[in-house]
Amino acid sequence: MERIERILKECGIETYLIRKIRRESTELFYIKKKLDLRRITDVADMTVCIFKDVEKDGAKLRGRNDIIVDESMTDDEIREKIKAAAFAATCAPNKFFTLPDPEKSEEIVKDSDLMGMDDKDIADAFVKALYEEDHDDKAFINSFELFVYNYHVAIKGSTGVDVAYTKKEVSGEFVAQCKEPQDVETYQGFEYDSLATNDLKKLVRDTLVLTKDRAVATNMPKKGNYDVVLSGKYLQELMTFFLDRSNAAYVYQGYSNYEVGKNIQGEDVKGDALNIKLGVNDPFNDEGIRMIERPFIEKGVLRTLHGAQRFCDYLGIPKIGTYSKVLLPEGSVKSDELKKNCLHVVNFSDFQMDSLDGHFKGEIRLAYLYDENGNRSVVTGGSVNGSIIEGMKDLKFSREMQKLANYEGPEVIKIRNVAVSGE
């Protein structure tokens with residue numbers, strides 16, 4: 001990074017931000033239960049953000065251009081790339097904005113039970129966990145990929161930012177298959193920042209069950225309005241609505257009318273009140289801003305706006321960075337109680353949350369239709385089309401909890417009166 005700083009100064013660049021990410025990985029690829037490939041990687045990426053100030057019609061503007069620099073490049077090659085980027089930054093400048101305040105820190109090691117463990121031991125633990133659950137006589141794991149990552153991140157800027165951190169993560173994917181009476185497959189991905197082998201075991205068990213159920217499912221749900229239950233990764237996607245609508249970029253550009261102190265859930269709340277915190281994935285964001293857990297929504301009232309430095313500066317709000325993780329407390333009802341007289345969609349072909357209009361939708365690959373006594377039947381086909389804006393006044397959260405990469409909270413959520421297409 002010192003070499004890049006020297007060349008930037010030689011090129012007359014006064015304002016800049018350098019972000020270097022080194023990623024070491026152990027990668028395993030299985031076909032059924034046989035290891036097909038093992039790979040070790042060690043790569044480094046360096047992003048240089050160049051800022052240039054210009055004046056137009058008496059107004060001060062600031063342009064930005066980002067470039068990727070390979071450490072194998074010569075000084076002359078880097079110099080030419082920086083000069084071209086600096087010129088490009090002057091071509092489409094934005095309203096002036098300030099950069100992050102000075103922040104200095106020794107390298108922070110993100111707290112996790114993965115730290116201190118050998119990558120091979122981590123990989124062995126997750127492989128063992130997955131295949132311990134692969135013993136069903138009808139459904140099985142067709143393929144499995146596992147990645148153990150070590151990240152070393154350093155961020156340095158002209159305004160006095162000089163921070164670094166390291167972390168470990170585990171991610172992967174597997175495909176479950178059932179051949180009878182229909183040959184079907186279910187793709188499942190996962191991402192953990194802890195030794196979450198029990199979470200992986202549950203994910204495998206649930207996926208094998210839903211794959212078998214999908215193989216026998218032939219009926220569509222009848223068209224109408226249902227109380228819909230969502231779970232797993234779909235809750236993480238659902239929560240992006242609140243994160244996006246409270247993002248300074250959405251607010252500044254007029255896509256959202258959120259403001260601190262506003263009751264976003266409404267007055268006539270029949271279900272559980274929204275209580276959400278902003279969680280932390282990394283000690284610092286890409287701009288070198290220190291990230292801490294913060295209050296977000298308390299009893300339906302918005303407490304925090306977040307976002308990139310530029311848009312926070314435009315709104316005149318604290319520059320706290322952009323958040324992508326939410327933390328919710330446990331709900332008031334057990335999952336089994338919520339799963340009465342409802343449609344529980346456990347697998348969508350595609351699920352989308354539109355943060356602009358509040359609509360969520362998806363084609364149903366597999367769902368469980370429960371009657372008032374909790375008896376269930378399997379259905380497939382049709383689609384869900386609901387509004388979180390309308391539905392948030394009557395949400396019910398389960399007592400049972402789950403932990404995902406960007407979501408920690410109730411295992412299931414029930415949303416009342418959602419339109420479902422079908423027979």
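Some points to look at:
- Subset of Lys95/Lys319; Lys95/Lys156; Lys32/Lys212 violating a 21 Å alpha-carbon distance limit: Lys95/Lys156
- Over 19 Å between alpha carbons, listed pairs Lys128/Lys179; Lys52/Lys81; Lys340/Lys414; Lys20/Lys52: Lys128/Lys179; Lys20/Lys52
- When the chain is treated as a Gaussian network with alpha carbon springs shorter than 10 Å, the biggest mean-square fluctuation among Arg214, Arg19, Arg39 belongs to Arg39.
- Taking only the C-alpha atoms of the chain, Rg followed by Dmax gives 24.4, 75 Å.
- GNM remark for the chain: springs join alpha carbons under 10 Å apart, and the peak mean-square fluctuation among Asn375, Asn142, Asn65 falls on Asn375.
- Charges were assigned to the Cβ only: +1 to each Lys and Arg, -1 to each Asp and Glu. The resulting dipole of the range 219-423 about its Cα centre is roughly 180 debye.
- For the range 1-20 versus the range 164-202, the inter-centroid distance based on Cα atoms is 41 Å.
- Under the combined filter of DSSP loop state and at most 13 neighbouring Cβ atoms within 10 Å, the range 261-341 retains these GluC sites (Glu not before Pro): Glu267, Glu293, Glu330.
- Euclidean distance between Cα centres, the range 275-346 to the range 85-145, Å: 19 Å
- Among Lys32, Lys270, Lys20, residue whose mean-square fluctuation peaks in a GNM of the chain (springs only between Cα atoms under 10 Å): Lys270
- A simple spin-label model places pseudo-atoms 7 Å from Cα toward Cβ; at Glu267 and Ser332 they are separated by 2.0 nm.
- Taken along its three principal axes, the alpha carbon spread of the range 169-277 comes to 54, 42, 27 Å, from the longest extent down to the shortest.
- Per residue, the Cα convex hull of the range 1-113 amounts to 183 Å³.
- Annotation note: GluC sites (Glu not before Pro) in the range 25-97 located in DSSP loop regions with a Cβ neighbour count of at most 16 within 10 Å are Glu71.
- Helical contribution to [θ] at 222 nm, DSSP H n ≥ 4, -39,500 (n - 2.57), averaged over the chain, rounded to 500: -6000 deg cm²/dmol
- With 10 Å bins from 0: P(r) over the range 2-211, alpha-carbon pairs, percent: 8, 25, 22, 18, 16, 10, 2, 0
- Using only side-chain charges placed at the Cβ, +1 for Lys and Arg and -1 for Asp and Glu, the dipole size of the chain relative to its Cα centre rounds to 780 debye.
- P(r) histogram, all alpha-carbon pairs of the range 219-423 included - 5 Å bins from 0, percent: 1, 8, 15, 19, 19, 15, 10, 7, 4, 2, 0
We did not get these values from a lab; they are worked out from the coordinates using the rules stated. All values derive from a computational prediction rather than experimental measurement. Counting neighbours? That spans all protein chains shown, and the Cβs are built from the backbone with ideal geometry, glycine included.
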